[in-house]
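A.B. asks: Got a structure for you, written out below as C-alpha cells; questions coming shortly.
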Amino acid sequence: MNKVYEKLLKSYDSIKEKIPFTPKVALILGSGLGDFAESLDIKGSIDYNTIEGFPVSTVAGHKGRFVFADVEGVPTVIMQGRVHLYEGYEPTDVVLPVRLMKMMGADILFVTNAAGGVNYDFKAGDLMLISDHISSFVPSALKGENIDELGVRFPDMSDIYDKEICGLIEKVAKENQIEIKKGVYLQTAGPAYESKAEIRMFRILGADAVGMSTAIETTVANHMGMKICGISCISNLACGMTDNPLTHEEVKETADRTAPVFKKLVSKIIGELGKM
Ligand code: HPA
C-alpha cells in the first residue's frame, strides 16, 4: 500500500474511538484565533501528541489539539494549532491533519491565517477573503505516488475556494457590518519573512497577501473534493511597504487585536455553512 496512505490510516485508527461526532466543518485556526475554541461548548478533544505519526507543532502560542464543538449548532472539528513546512516536516506530514479531518467526515474546510498585506489597498488589521492562491513557491504534498483512495492524480484547481461559500461569506460580513477585502494568498515556505524584492515580485505575480501556510493544505483538501473557504487576517504590511522591520510580535499583536471581530465572523459563517 502507498506509504503515506498507510500512515494516514494508522493515525486515523489511533483516534477513531475518541471522535465524539461526525463533523460537518473542519476549521483551522491561524495566529490570533488560537483561543477561539475556549468559548465554545467543547464536546471532546484529542491532543496531537497522542495521535500516531502526527507531526507535533513547535510554534509558541499554538496549542496542539483537535477540538470538537458545535459552532452555532454546526458540528465542527477545530485544529487548534497547525503544522507548518518551516518546522521541517515533510509536505505529506504538514497535510496529514487536513486529511484526517476529512476522514472524520468533514466535507467543508475553513482555513484562517495571519498574512502580510502585499496589496497597497490593505492595512494591518484588515480581513481578506481568500479568492485564490499561489502555491508555486512551496513543494506540493501531492507529489509522489498518488493516493487514489483520496483523489485523482492531476486534480483540477480552477475553483479551489468555493464560489458559493465566498459569496455567502461576503453576505455574512455585510450583514454584521464587518468590512472584508478579497484577494489572492501566496504561500512561501518561510520561516524568514520575505525580502523587499520578493514582495515586489509577488505583487507583480498577482498576490494580495503572503503567508507561510494554507495553500499546501487547501491543495490536498481540493484533491479530496472538500469545499473550501479561507480568510486571512492582514497582520502587517509586507516587507518594504513600511519603514519598520517585521517581527513575529507585531504579527501576533495585530492578530490578537483583530481576533474578536474575526471570531464573530467565523462563528456566523459556520452557522451559515451548516445550512449548505
Ligand atoms: N510574510 C509572511 N508570512 C506572514 C507575514 C508576512 O509578512 N505576516 C504574517 N505571516
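The values are calculated or read from the model by the stated rules, or taken from the named source; none is laboratory data. Here the structure is a predicted model, which means the values were calculated and not measured. Because the Cβ atoms are built from the backbone with ideal geometry, glycine has one as well, and the counts that use them run over all protein chains shown. Ligands, DNA and RNA are stripped out before the accessible areas are found, and what is left, the full protein with its side chains, is counted by its heavy atoms. Shrake-Rupley method; radii C 1.70, N 1.55, O 1.52, S 1.80 Å.
A.B. asks: Report D156's accessible area, 1.4 Å probe, all protein chains in place, as a number in Å² to the nearest 10.
C.D. replies: About 110 Å², ignoring ligands and nucleic acids.
A.B. asks: At a threshold of 8 angstrom on Cα-Cα distance, excluding pairs fewer than six apart, so keeping six or more, what relative contact order does the chain reach in percent?
C.D. replies: 26
A.B. asks: Here is a further query. Note down the relative contact order for segment 26-159 as a percent, whole number, built from C-alpha pairs under 8 angstrom at least six residues apart.
C.D. replies: 26
A.B. asks: R0 = 30 Å: FRET efficiency of E170 with N2, Cβ-based, nearest 0.05? Write down the numbers at each step before the final one.
C.D. replies: Working: r = 39 Å, r/R0 = 1.30.
For R0 = 30 Å, the calculated efficiency reads 0.15.
A.B. asks: Ok, one more. Between K163 and L205, what is the FRET efficiency for a Förster distance of 25 Å, r being their Cβ-Cβ separation, to the nearest 0.05?
C.D. replies: So, using R0 = 25 Å, E works out to roughly 0.65.
A.B. asks: Report for the chain the percent antiparallel among DSSP-assigned beta bridges with both residues inside it, nearest 5.
C.D. replies: Expressed as a percentage, antiparallel bridges in the chain total about 40.
A.B. asks: Roughly what would the spin-label model give for D243 and K264, points 7 Å off Cα along C-beta, in nm?
C.D. replies: With each label point 7 Å from Cα toward Cβ, the separation is 3.5 nm.
A.B. asks: Oh, and also: Let me know the shape class of segment 123-183, please: from the alpha-carbon gyration tensor, a ≥ b ≥ c as square roots of the eigenvalues, rounded when a/c is under 1.5, otherwise prolate if a/b is greater than b/c, or oblate.
C.D. replies: prolate
A.B. asks: If I build a Gaussian network model for the chain, linking alpha-carbon pairs within less than 10 angstrom, which residue out of R203, R99, R82 has the largest mean-square fluctuation?
C.D. replies: Result: R203 has the largest fluctuation of those listed.
A.B. asks: Also: As a check on your grasp of the helix formula, calculate [θ] at 222 nm for the chain: sum -39500 (n - 2.57) over DSSP H runs of n ≥ 4, divide by the residue count, round to the nearest 500. Spell out each step's value before the answer.
C.D. replies: Details: 7 runs with 84 residues, N = 276.
The per-residue figure over the chain is -9500 deg cm²/dmol.
A.B. asks: Rounded, prolate or oblate, given the Cα gyration tensor of segment 9-80, with a/c below 1.5 counting as rounded? Could you put the intermediate results ahead of the total?
C.D. replies: Values: a/c = 2.13, a/b = 1.08, b/c = 1.97.
Note, shape of segment 9-80 comes out oblate.
A.B. asks: Here's a follow-up. How much length is gained on full extension from Y120 to A192, taking 0.36 nm per residue of separation minus their Cα-Cα distance?
C.D. replies: Gain on stretching Y120 to A192: 23.8 nm.
A.B. asks: Evaluate E = 1/(1 + (r/R0)^6) for E17 and Y86, where r is the Cβ-Cβ distance and R0 equals 25 Å; express this FRET efficiency to the nearest 0.05.
C.D. replies: 0.15
A.B. asks: Just the number, please: carbon plus sulfur as a percent of the accessible area of segment 93-208, 1.4 Å probe, no ligands or DNA/RNA counted.
C.D. replies: Exposed carbon and sulfur together represent 53 percent of the surface.
A.B. asks: Continuing with the same structure: Might you tell me the accessible area per residue for the chain, computed with a 1.4 Å probe and given in Å²?
C.D. replies: Accessible surface, normalised per residue, equals 43 Å².
A.B. asks: Less than 14 Å Cβ to Cβ from L8, Lys/Arg counted +1 and Asp/Glu -1: what total charge do the surrounding residues give? All intermediate terms of the calculation are to be shown ahead of the outcome.
C.D. replies: Details: positive: K3, K7, K10, K16, R99, K102; negative: E6, D13, E52, E90, D93, E145, D148, E149.
Computed value for this residue: -2.
A.B. asks: Continuing with this model, one more query. Quick one: which residues, 5+ away or cross-chain, put their amide H under 5 Å from the amide H of S213? H built at 1.01 Å from N.
C.D. replies: T188
A.B. asks: Amide H to amide H under 5 Å from G44: which residues, 5+ apart in sequence or cross-chain, H placed 1.01 Å off N in plane?
C.D. replies: F68
A.B. asks: To continue, here is another question. For K196, what accessible area in Å² do you get when you roll a 1.4 Å probe over the heavy atoms of the protein chains, rounding to the nearest 10?
C.D. replies: Accessible area, nearest 10 Å²: 120 Å².
A.B. asks: Ignoring ligands and nucleic acids, what accessible area does M241 show with a 1.4 Å probe (Å², nearest 10)?
C.D. replies: 30
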